[in-house]
Every structure is written in C-alpha cells, then in structure tokens.
1. Got a sec to turn the phi values of segment 49-57 into Karplus ³J(HN,Hα) couplings, 6.51 cos²θ - 1.76 cosθ + 1.60 with θ = phi - 60°, whole Hz, x for Gly and Pro?
2. Let's test the formula: R0 of 22 Å, r as the Cβ-Cβ distance of Ser161 and Ile53. What FRET efficiency results, to the nearest 0.05?
3. Order of His9, His94 from fewest to most other C-beta atoms within 10 Å?
4. Can you tell me how much longer the chain between Asp84 and Lys168 gets when fully stretched, taken as 0.36 nm per residue apart minus their C-alpha distance, in nm with one decimal?
5. Once both labels are modelled 7 Å past Cα along the beta-carbon direction, what's the Asn107-Glu92 spacing in nm?
6. Taking R0 as 25 Å, what's the FRET efficiency between Lys151 and Thr128 from their Cβ-Cβ distance, rounded to 0.05?
7. What pairs from Lys80/Lys118; Lys2/Lys86; Lys57/Lys77 go past 24 Å between their alpha carbons?
8. Using a cut-off of 12 Å between beta-carbons, work out the net charge of the residues near Asp72 (Lys and Arg +1, Asp and Glu -1, Asp72 not included).
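Please treat every number below as a calculation from the coordinates, not as lab data. Because the structure is a prediction, the values reported are computed rather than measured. Every residue, glycine among them, receives a Cβ derived from its backbone with ideal geometry; neighbour counts consider all protein chains shown.
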Amino acid sequence: MKIRLRPYHLGYFVCYFGCLHLKVEDLRKVFWGSQLTTFTEKAYNEDGFNEVISKIKSNPDEIEIEVVQEFDDICIKCNKRIRDEKGSVWGERHSCSSSRDPRMVENVNAENRIILQKLGLQFGSVITLKNLVKLLSNRMPVFTGLEKDSKWQESYEKGFSVLSLLLKQAETFDNTG
C-alpha cells in the first residue's frame, strides 16, 4: 500500500505516532494547540493524519511512502483544502490557506529542500516505511519541522520507538506465519 507524503509531513507523522498514547483532547493540545480554541473541536488536518496512521498501523510492513510535492494523503483530507479551478502551488484544482500565504509557501519549500537533502531523497522517491524510519532516525535524529520546540522533539523520539516496535511486531508476525 502506498502513502503519499510531502517531505515536511514525514517528521510530523513520526511525532504523531509518539503521541498516540494520549487522549484525543491532549493530542490536539500537543499538535494543534495554538490553532484551536477548544480541544474538543477537530483540527483542520486531523482526519488526514488519522487516516495515514490507521493505514500504517494496519499494514506496517506493506507500506511504501512516495515523497510528493503536491497535496499529499494528509492534505487531501484537510478541511482547509478547497476546490479551486485555478489550482495552487500545491496542486491542480484545489487550494488552501497555506498555498495563498507566500511566507508559508516559502517556509514549506525551504523545509522540503532541507529534508530531501538530509535524507538523500527527491520528489517521486518511493521508500518502504521500514527504510524510511531507519533513514529518518539515522539522518534526522532531531525533529525538523516548522515548529521546533522540546514537545515536538519528545514526540519525535517516542514516535521512533512506537514505529520501531510496530515494524518489529509485523516482522515477527510475518516470520511466524
């Protein structure tokens, strides 16, 4: 199963795995705290993250990640993504608030370049989840994202532990039948 992710979402999905032990409201505080007025409301891209996480949890050893430049599997479910026949910097026939913010576009593009360079990947690269987790932990042990503080780093490190365990369990299951 292939999951399409933008480079800057790679670190965030690892962080998300590091927060799965939290209650939904607490998870929202960690991830979207500055953007929500109440933690019972759903965050704009929560559905996308949840779907990606669900796919990974259900078949971790069969997941391939395709690195994309346009709207990815997280963006597709974002409630800020709107139909726009003109399209946007992130893709055809849709736009979102981030695509209309030149500073955000610049920041995302810069972050994407840094991540691709560190990982030795390019847009269009396809890599197994197992190899991506190894690559991220070896070449990007420090969280690289638009938000940089200790809570993100803690979640990132815990996310590697959770993903490693998940992949190890899948491997054990495959070997034992």
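1. Taking θ as phi minus 60°, the curve returns 4, 4, 5, 4, 4, 4, 4, 5, 5 Hz for segment 49-57.
2. 0.90
3. By the 10 Å Cβ count, ascending: His94, His9.
4. 26.0 nm
5. About 3.0 nm, to one decimal.
6. Between Lys151 and Thr128 the formula returns 0.30.
7. Lys80/Lys118; Lys2/Lys86
8. Net of charged neighbours comes to +1.
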